[in-house]
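A.B. asks: Before we start, here is the structure in question, set down as structure tokens.
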Amino acid sequence: MKVINDIIEWLVQTGLLSVLAIFLLKQLKPILDSKTEHASTEQSRALWTLLEQVADMAVTSLVSQDKTGREKFDEASMIVNDVMKKQGYKLDSQTIHTAVQSAYEKSELTPTVNTKGDTGNDK
């Protein structure tokens with residue numbers, strides 16, 4: 001036991017323990033940074049998925065209401081903003097408008113337009 005104690009004391013006194021600790025930290029830093037970045041990316045992806053789902057539900061709930069498109073868009077944006085705030089996320093209006101616009105483009109409110117002039121009567 002005394003030998004182990006002497007070895008540890010020698011490592012501390014010579015500074016070798018400090019050098020070893022610094023070396024290990026430098027080797028582990030890229031791995032830790034990578035893990036942090038991955039976690040941040042996953043969190044952002046989950047937040048965007050939640051935002052899309054909330055926007056889709058808000059737009060779908062307004063489909064049958066007798067309002068102008070602008071009124072529906074504004075109401076959907078308010079709904080999304082309120083829900084996200086209640087979940088603890090503070091998003092800027094541009095992000096909310098982008099999500100609502102995307103939801104409107106996927107919904108029944110936006111008709112599909114044929115831009116190629118195809119009539120389907122190919123002979």
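A.B. asks: Given R₀ = 35 Å, what would the calculated FRET efficiency be for MET1 paired with GLU37, taking r from the Cβ atoms and rounding to 0.05?
C.D. replies: E(calc), rounded to 0.05, equals 0.20.
A.B. asks: How many lysine pairs in segment 1-93, separated by 8 or more positions in sequence or lying on different chains, have Cα atoms less than 24 Å apart?
C.D. replies: Number of lysine pairs found: 4.
A.B. asks: Once fully extended, how much extra length lies between LEU11 and SER107, figured as 0.36 nm per residue of separation less the alpha-carbon to alpha-carbon distance?
C.D. replies: 27.7 nm
A.B. asks: In degrees, nearest 10, range 0 to 90: what is the angle between the Cα axis of helix 93-106 and the longest Cα principal axis of the chain?
C.D. replies: With both axes taken from Cα atoms, the answer is about 50 degrees.
A.B. asks: Turning to a different aspect of this structure: Compare TYR89, TYR104 by solvent-accessible area with a 1.4 Å probe and give them largest first, with all protein chains kept in place.
C.D. replies: TYR89, TYR104
A.B. asks: Below 8 Å, C-alpha to C-alpha, sequence gap of six or more: please give me the relative contact order for the chain in percent.
C.D. replies: It comes to 24 percent, rounded to a whole number.
A.B. asks: Additional query: Go ahead and run the numbers for FRET between GLU52 and PHE23, Cβ-Cβ distance against an R0 of 30 Å, rounding to 0.05.
C.D. replies: Taking R0 as 30 Å, the efficiency between GLU52 and PHE23 is 0.10.
A.B. asks: Which of these, ASP74, ASP66, ASP82, has the largest mean-square fluctuation under a Gaussian network model of the chain (Cα springs below 10 Å)?
C.D. replies: Residue with maximal mean-square fluctuation among ASP74, ASP66, ASP82: ASP66.
A.B. asks: Sorting PHE73, PHE23 by accessible area (1.4 Å probe), largest first, what list results?
C.D. replies: PHE23, PHE73
A.B. asks: Per residue of segment 20-37, what does 6.51 cos²θ - 1.76 cosθ + 1.60 with θ = phi - 60° give for ³J(HN,Hα)? Whole Hz please, x for Gly and Pro, Karplus curve as stated.
C.D. replies: The phi angles translate into 5, 5, 5, 4, 5, 5, 5, 6, 7, 4, x, 5, 5, 4, 4, 5, 5, 5 Hz.
A.B. asks: Carbon and sulfur together cover what percent of the accessible area of segment 49-104 at a 1.4 Å probe radius?
C.D. replies: Using a 1.4 Å probe with all protein chains present, segment 49-104 comes out at 51 percent carbon and sulfur.
A.B. asks: Counting only helical runs of four or more DSSP H residues, what would the 222 nm mean residue ellipticity of the chain come to if each run contributes -39,500 (n - 2.57) and the total is spread over all its residues?
C.D. replies: -26000 deg cm²/dmol
A.B. asks: Here is a follow-up. What number comes out for accessible area per residue over the chain if the probe is 1.4 Å? Units Å², please.
C.D. replies: Dividing the accessible area of the chain by its residue count gives 81 Å².
The values are calculated or read from the model by the stated rules, or taken from the named source; none is laboratory data. Predicted, not measured: the structure shown is a model, and the values here were computed from it. Ideal geometry is used to build each Cβ from the backbone, glycine not excepted, and the neighbour counts take in all protein chains shown. Ligands, DNA and RNA are stripped out before the accessible areas are found, and what is left, the full protein with its side chains, is counted by its heavy atoms. Shrake-Rupley method; radii C 1.70, N 1.55, O 1.52, S 1.80 Å.
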